[in-house]
Structure formats: structure tokens, C-alpha cells
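The structure under discussion appears below in the form of C-alpha cells.
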Amino acid sequence: MSRAALRRPGPPLIFQRLTDQLAELERRGLRRSRLVREGPQGPRIVVDGREILAFCSNDYLGLANHPRIVEAAIEAASRYGVGEGASHLLSGHSGVHERLEERLAEFMQMPRALLFSTGYQANIGAVTALAGPEDAIFSDALNHASLIDGVRLSRARVVRYPHADLGFLSGALAESGASTKLIVTDGVFSMDGDIAPLPGMLDLCEHHDAWLLVDDAHGFGVMGPQGRGSPAHFGLRSPRIVYVGTLGKAAGVAGAFVAGAAEMVETLLQRARTYIYTTAAPAMLAAAVETSLELIREDEWRRERLRKLIAVLRRELRGSQGALALSDTPIQPLVLGENSEAVRASAALRERGILVPAIRPPTVPEGTARLRISLSAAHSEDDVLRLAAALREVCPGGAAMHA
């Protein structure tokens with residue numbers, strides 16, 4: 001019998017499996033789609049030719065389209081070009097990169113900082129460089145996917161502790177005989193907006209001789225004096241802190257950095273595969289971040305406006321059936337429960353010219369699908385009042401949470 005005769009009619013099975021998997025995502029309300037934005041990021045964006053009031057960006061300080069930052073990028077592109085052509089350890093590390101690392105370390109009041117191309121790479125690189133098969137990692141149950149992937153790749157023994165449960169964490173650390181212990185946590189949790197109990201965690205690190213890695217993607221620029229992040233919010237300084245800051249959210253540009261003790265940062269430079277084996281980000285982005293850092297340091301009014309807008313939104317929704325979760329950060333989640341309900345509410349808001357994303361599993365646990373509202377200093381009080389009025393219409397029966 002010929003090979004042709006043995007072939008089955010229709011699409012190959014490997015494609016059919018993908019088709020079936022996509023259909024199952026559709027059935028469960030988990031299939032995602034992308035919007036195509038026209039023009040720059042901002043409180044109002046244009047999608048399909050229509051201007052929409054957006055509460056979906058992590059541009060918390062409204063810097064993504066700041067003219068000083070744009071000009072810094074243009075000037076650096078003219079001088080350095082748009083690509084580095086090599087990794088930092090070959091010929092991709094420019095004077096602009098070096099200067100930015102020094103300024104980040106100074107800003108964070110830490111001995112040294114190391115640039116990464118993305119926050120995902122920074123987390124994976126830091127975790128896998130600091131912990132291996134002979135070590136133990138203690139990971140919060142609600143940590144970001146990049147931390148979870150880093151933990152898995154490290155091949156360390158993993159203890160997944162209940163969210164922010166210091167009692168459980170203390171017991172787990174006491175039972176561990178690992179030579180290196182590494183606690184990893186979000187600083188501000190990306191889907192809930194709450195802040196990790198960092199003072200208690202650092203106390204445990206001191207007692208059990210452990211590292212504390214803080215992924216502060218949503219705290220850098222927003223929390224603490226001058227926006228120095230979640231540890232600074234609590235007044236914490238320690239060589240045990242491994243600080244991961246993201247530059248594509250409040251800073252408005254792209255990339256990330258890890259800051260902390262000089263020995264720790266040098267270890268990452270020598271061992272972090274996501275740093276060693278990737279092309280350096282363009283110098284134009286580093287120059288843009290330099291200018292952004294100046295604005296983060298100088299413009300306290302941006303953080304003050306954020307605090308005011310958070311208070312306005314929480315005041316307007318207090319007492320409604322669909323109340324907000326406990327959060328004092330720009331991330332204000334409205335948990336609705338079922339996937340279909342979150343998708344319906346998001347679509348109803350969009351019909352009213354407001355964009356708030358529906359967040360579903362696996363990003364959040366089953367049964368906790370939500371609207372993730374993110375506020376920016378670029379929003380006005382009227383913008384927030386309009387959002388609150390629309391939410392009262394769209395979510396009259398939302399899952400009640402703490403107001």
C-alpha cells in the first residue's frame with residue numbers, strides 16, 4: 001500500500017488537537033483577543049477609529065508619552081542608533097547603559113543595579129542565578145507568572161505558601177535545611193493591588209539567613225518616598241533585599257533592573273542566563289529611562305494625584321453591591337466571580353466608551369474573574385467619576401468585597 005493511501009482525509013491530527021483546545025478555551029470564556037491601538041498610550045486611546053477612556057494601562061504616572069522622555073529617546077537614537085547588535089557582555093553595553101545602572105542604584109539607595117531587557121527576564125534571571133537544586137525557594141501563592149517560571153527553572157525545592165501568610169512562611173523556613181533560602185514575592189500584587197507584608201518577611205530573612213526577592217513591577221515609581229518602591233514605603237533597607245524594578249510601567253518606557261548588594265548583582269551578571277544570552281536593549285531606551293527617572297524623582301504631584309483618584313473611586317463605589325477589593329494602589333480590582341460575568345461587564349463598559357479588561361484564569365484563581373481597573377496620574381477626577389457611574393450601571397450584582 002502506498003503512503004498516499006495511508007494518509008487520512010482532512011487536517012492532520014496535530015492541527016485538530018490545537019483546534020479542539022482553542023474551542024475549549026472559547027467554551028470556558030477564556031479565549032483572549034487583542035485590541036489594535038492607534039496612536040500613543042494615554043488615558044484616552046483610539047481603537048477601531050473610536051476614542052475610548054482607558055483604565056487598562058500600567059502607565060501609572062502618565063509618562064509613556066511625556067515629551068521630555070520622547071525627546072531623550074530621539075536624541076539618543078540619532079547618536080547611538082536603534083540597535084546594540086550584541087549582548088551586554090560582548091559589545092552591547094554602552095556608556096548610556098552604564099550611566100543608567102549607576103543612577104538607578106543611586107536612586108534606590110543600593111550599592112549596585114543591573115539592567116535587563118524585560119521584567120520577565122529580570123525575574124527569571126535573578127531567581128535562577130541565586131537558587132539551584134540544593135536550595136529552597138518560598139513563593140507566595142499569588143506571585144506573577146515570571147516568578148513562578150523562574151522558580152520552576154531553578155530546580156530548587158519549592159514551598160508555595162498561602163498568600164501573605166507569615167505564620168506559614170515562618171514554619172516552612174524553620175523546617176528547611178537548605179543551604180540557601182530565597183523568599184520571592186510581588187511587592188504590589190498585580191491582580192489584587194495589595195502590598196506584601198515586607199517588614200515581617202525581612203524579619204524572617206534575618207532570623208533564617210535568607211534572601212528576600214521583591215518583584216516590585218507595580219510599586220516602582222509609585223510607592224515610597226520619591227517612588228523608590230515598596231521596601232522604601234515601609235522604610236526598609238537591607239543587603240538581603242533583591243529588588244526587581246520594571247521600567248515599562250510607572251517609568252513609561254521598557255526594560256527592568258535588579259538592585260541590591262554588589263556581590264549579589266555581580267553574581268547575576270556572571271550567572272543569569274537571561275542577561276548573558278540576550279542582545280542588550282537599545283541605548284535609546286536607556287536614555288529615555290534616565291529622563292523618566294528624573295521625572296519620577298521630581299514630580300511628587302503625580303503620586304499625589306494618584307492617591308486622590310484612588311480615594312475618589314473608592315468613595316464613589318462604597319456601599320455598592322460590586323465593591324472594590326482592599327487596595328491602596330492604582331490597581332483596583334472588582335471581582336465578579338464567573339468568567340462570563342467579567343467578559344459581559346467589560347463588553348458593556350466598552351459600549352459606553354470605557355475600556356477595563358476582564359481578567360480570567362489562569363491569570364487569577366478559578367472563580368475570581370474580575371475587572372482590573374488601573375488608574376493613572378494622567379486621568380482626571382471627571383474620568384474617574386464617569387467610570388464609577390458606569391460601573392454602578394454595569395455591575396449592580398457584582399460579588400461583594402471589602403469596601
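The values are calculated or read from the model by the stated rules, or taken from the named source; none is laboratory data. None of the values given here were measured: they were computed from a predicted structure. Because the Cβ atoms are built from the backbone with ideal geometry, glycine has one as well, and the counts that use them run over all protein chains shown. These area figures cover heavy atoms from the full protein model, side chains too; ligands, DNA and RNA do not enter into them. Shrake-Rupley method; radii C 1.70, N 1.55, O 1.52, S 1.80 Å.
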Residue within segment 330-349 that is free of Cβ contacts under 8 Å to residues at least 60 places away in the same chain and on the phi > 0 side of the Ramachandran plot present: no
Hits in segment 330-355 - residues which are within 20 Å of residue 26 (Cα to Cα) and part of a loop (DSSP other than H, G, I, E, B): 338
Matching option when the condition is at pLDDT 95 or above, in contact with a strand residue (DSSP E or B) (Cβ under 6 Å, 6 or more places away or on another chain) and among the basic types (Lys, Arg), among 240, 271, 228: 240
Any hit, segment 110-119, residues being touching a strand residue (DSSP E or B) at 6+ places or on another chain (Cβ under 6 Å) and under 30 Å from residue 367 (Cβ atoms): yes
Helices (runs of 4 or more DSSP H) fully within segment 22-134 counting 3 or more residues that are of a type outside the set (Val, Ile, Thr), buried (at least 20 other Cβ atoms within 10 Å of the Cβ) and under 25 Å from the mean Cα position of the chain (by Cα): 95-108, 119-130
Options 259, 251: the member that is under 17 Å from the mean Cα position of the chain (by Cα), of a type in the set (A, V, I, L, M), modelled with pLDDT of 95 or more and closer than 25 Å to residue 357 by Cβ: 251
Odd one out for residue 356, checked against (1) closer than 15 Å to residue 54 by Cβ; (2) more than 25 Å from the chain's Cα centre (by Cα): (2)
Segment 157-199, residues that are of a type outside the set (Gly, Ala, Ser) and either at pLDDT below 95 or assigned to a loop (DSSP other than H, G, I, E, B) (or both): 162, 163, 165, 180, 189, 191, 192, 194, 197
Every pair of residues 6+ apart whose Cβ atoms lie under 6 Å, when the first sits in segment 387-398 and is of a type outside the set (A, V, I, L, M) while the second is open to solvent by 10 Å² or more (accessible area, probe 1.4 Å) and at pLDDT 90 or above: 398/336
Residues of segment 157-178 satisfying the condition of being more than 22 Å from residue 217 (Cβ to Cβ), open to solvent by less than 30 Å² (accessible area, probe 1.4 Å) and aliphatic (A, V, I, L, M): 159, 172, 173, 178
Meets criteria (of a type in the set (Asp, Glu), free of Cβ contacts under 8 Å to residues at least 60 places away in the same chain and on the phi < 0 side of the Ramachandran plot) for residue 84: no
Residue check for residue 335: open to solvent by 30 Å² or more (accessible area, probe 1.4 Å) and in contact with a strand residue (DSSP E or B) (Cβ under 8 Å, 6 or more places away or on another chain): no
Within segment 216-258, tally of residues that are free of Cβ contacts under 8 Å to residues at least 40 places away in the same chain, touching a Leu at 6+ places or on another chain (Cβ under 7 Å) and more than 17 Å from residue 185 (Cα to Cα): 0
Test: residue 314 is surrounded by fewer than 17 Cβ atoms within 10 Å (Cβ to Cβ) and basic (Lys, Arg): no
Residues located in segment 302-329, provided they are out of contact with any helix residue (DSSP H, G or I) (no Cβ under 7 Å at 6 or more places or on another chain), at pLDDT below 95 and not in a helix (DSSP H, G or I): 318, 319, 321, 325, 326, 327
Search result, residues across segment 352-375 that are open to solvent by 60 Å² or more (accessible area, probe 1.4 Å) and modelled with pLDDT of 95 or more: 352
